[in-house]
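A.B. asks: Pasting a structure below so you can have a look.
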Amino acid sequence: LNGDFRSNSGKGDHNTKVHELTDQESKIAIEAVQSLGFKVGGVDLSITSSGEVYITEVNMPFAFKRLEEVTGVPVAEFMIREILD
């Protein structure tokens with residue numbers, strides 16, 4: 001739909017862009033995962049044009065294949081290290 005904020009980047013060819021998280025955005029995501037008692041999790045953040053950050057979803061398990069493809073970050077490797085630590 002026109003104006004829909006969701007990317008669903010994992011379900012097709014979308015114009016996905018890497019967004020480098022700020023310290024505040026990282027802290028919000030980490031605290032969201034920890035507040036649910038998870039060691040790892042996927043957090044969907046919506047960031048307004050004025051910089052306000054909203055958590056739209058926290059998932060465990062979460063899909064990370066597209067994230068690895070877009071960013072080159074080995075998410076699976078980091079998850080295994082975190083779980084075993």
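The values are calculated or read from the model by the stated rules, or taken from the named source; none is laboratory data. Just so it is clear, the structure is predicted and the values come from calculations on it, not from any experiment. Here Cβ is always computed from backbone atoms with ideal geometry, including for glycine, and neighbour counts include all displayed protein chains.
A.B. asks: Can we say D13 is loosely packed, with under 10 Cβ neighbours inside 10 Å, at negative phi and modelled with pLDDT of 90 or more?
C.D. replies: When the stated conditions are applied, D13 does not pass them.
A.B. asks: Turning to a different aspect of this structure: Among what's in segment 44-67 and is surrounded by 10 or more Cβ atoms within 10 Å (Cβ to Cβ) and among the polar types (S, T, N, Q), pick the residue that is farthest from V33 (Cα to Cα).
C.D. replies: S46
A.B. asks: Quick check on segment 37-85: of everything there that is polar (S, T, N, Q) and either in a strand (DSSP E or B) or touching a strand residue (DSSP E or B) at 6+ places or on another chain (Cβ under 7 Å) (or both), which residue is farthest from V18 (Cα to Cα)?
C.D. replies: N59
A.B. asks: Which of the residues that make up segment 53-85 are farther than 15 Å from A29 by Cβ and without any contact (Cβ under 8 Å) to a residue 24 or more places away in the chain?
C.D. replies: The answer is P61, E68, E69, G72, P74, A76, E77, I80, R81, L84, D85.
A.B. asks: Given (1) without any contact (Cβ under 8 Å) to a residue 40 or more places away in the chain; (2) loosely packed, with under 15 Cβ neighbours inside 10 Å; (3) part of a loop (DSSP other than H, G, I, E, B), where does E31 come up short, assuming only one miss?
C.D. replies: Among (1) without any contact (Cβ under 8 Å) to a residue 40 or more places away in the chain; (2) loosely packed, with under 15 Cβ neighbours inside 10 Å; (3) part of a loop (DSSP other than H, G, I, E, B), the lone unmet condition for E31 is (3).
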